[in-house]
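Worksheet: one structure, shown below.
Nothing in this text is a laboratory measurement; each read-out follows from the coordinates by a stated rule. The structure displayed is predicted, hence computed values, not measured ones. Every residue, glycine as well, gets a Cβ built from its backbone with ideal geometry; the counts of neighbours run over all protein chains shown.
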Amino acid sequence: MALNIFYVYMYMDQDNVPFYIGKGRDYKIGFKRWRPQNHTKGNTMTARKVRKLGVENVKVYFLHKDISEEEAFQKEIYWIKYLGRRDNGTGQLTNHTDGGEGSGGHISPLKGVPRSKETRQKISKSNMGRVAWNKELPAWNKGVSQTKEAKQKQSDSMKLRWRQKHNVK
């Protein structure tokens, strides 16, 4: 059974000109992977374009949602081919490949596999005598009490976060 948790998205500039097509998984509002902030590092064409425009000026549009990974790869390949890539002279996209690669649905074969007693003993032995990095540091907030305004602000923030998580208005 294929999980329909993947999506295909597009970055557009202020003039609604698309410049990047991507594929992701686990669609959520505010999910980190598709945010332009995550494409600002390095010297790739996409990172330079996002830095030049400013993160707040990059629009994100979801072209397809709730599809299987195979469908997402196919749609990503289609859109990159349809709009063309800048690096090979066929269009304006900053993508470096024709799409269709990646491992968004990969789950490690070792995930959930218990370690043998021998392996656990080896790990334990190698960690013996190791001192925690913060062992000698005092608690930075010891003896510091928060103002009522700060406590109220934190309370409101946590209540809002809970309501958003549980879709309560």
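Observations on the model:
- Label separation (Ser68 vs Ala47): 3.5 nm, computed from points 7 Å beyond Cα along the C-beta direction.
- Residue-count net charge about Ser155 - beta-carbon cut-off 15 Å; Lys, Arg +1, Asp, Glu -1: +4
- The range 109-169, Rg to Rh (Cα coordinates; Rh as Kirkwood inverse mean 1/r): 1.26
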